[in-house]
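Here's the structure we're looking at; comments come further down.
The values are calculated or read from the model by the stated rules, or taken from the named source; none is laboratory data. Remember, predicted model here, so these are calculated numbers, not experimental data. Positions of Cβ are backbone-derived with ideal geometry, glycine not excepted, and every protein chain shown enters the neighbour counts.
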């Protein structure tokens, strides 16, 4: 049976830390579905379509990945896609409490889907989408923390808002 993992997130925007998790996740799973989670209550910087496009462009050299979107319970999506795992990245202890709570709730809702945590590579441990957006907003050089397409889109968006 194919080992499929769902890698969910807002990816607003995608960072090199996210790509690190995908690369290492592909060593554990046959296929990874990168799922942009749509939460109408959450204000995002990029639209779902923009985030999906940046993911597709940034990951075009990867085999055995798919980019999709979903609004609803992640475990329902995972069951529908026959996933065996939810892949999550952890940067620091501060991520753990929230991720642990989510993992326990997902396990309560569907015991067939396991949550697998990977520590983000040390090089990316300090990066987050929020910090990258903040640095980019004030003209900080973030080109080595995000894929080229993301860097370009951030520059374009902030030029429009200034």
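Observations, loosely collected:
- Condition check for residue 117: over 11 Å from the mean Cα position of the chain (by Cα) and either modelled with pLDDT of 95 or more or over 26 Å from residue 160 (Cα atoms) (or both): yes
- Hey, residue 14 at pLDDT 95 or above and under 30 Å from residue 156 (Cα atoms) or not: yes
- Across the range 120-147, the qualifying residues are those that are over 16 Å from the mean Cα position of the chain (by Cα) and either within 14 Å of residue 21 (Cα to Cα) or touching a residue at least 60 places away in the same chain (Cβ under 8 Å) (or both), and the one among them that is surrounded by the most Cβ atoms within 10 Å (Cβ to Cβ) is 123.
- Of the helices (runs of 4 or more DSSP H) lying entirely inside the range 1-107, the ones with 3 or more residues being within 12 Å of the chain's Cα centre (by Cα) and touching a residue at least 12 places away in the same chain (Cβ under 8 Å) are found at 16-25, 48-58.
- Qualifying residue in the range 1-22 (condition: out of contact with any helix residue (DSSP H, G or I) (no Cβ under 6 Å at 6 or more places or on another chain), surrounded by 14 or more Cβ atoms within 10 Å (Cβ to Cβ) and farther than 22 Å from residue 124 by Cα): yes
- Looking across 112, 156, one residue alone is surrounded by fewer than 16 Cβ atoms within 10 Å (Cβ to Cβ), in contact (Cβ under 8 Å) with a residue 24 or more places away in the chain and over 13 Å from residue 15 (Cβ atoms). It is 112.
- Test for residue 117: is it touching a strand residue (DSSP E or B) at 6+ places or on another chain (Cβ under 7 Å) and either over 18 Å from residue 154 (Cβ atoms) or assigned to a helix (DSSP H, G or I) (or both): yes
- Qualifying position, being touching a helix residue (DSSP H, G or I) at 6+ places or on another chain (Cβ under 9 Å), at pLDDT 95 or above, within 14 Å of residue 9 (Cα to Cα) and surrounded by 14 or more Cβ atoms within 10 Å (Cβ to Cβ), among 107, 69, 51: 69
- Members of the range 129-147 that are out of contact with any helix residue (DSSP H, G or I) (no Cβ under 8 Å at 6 or more places or on another chain) and within 20 Å of residue 53 (Cα to Cα): 129, 130
- Single match in 64, 106 (criterion: in contact with a strand residue (DSSP E or B) (Cβ under 9 Å, 6 or more places away or on another chain) and at positive phi): 64
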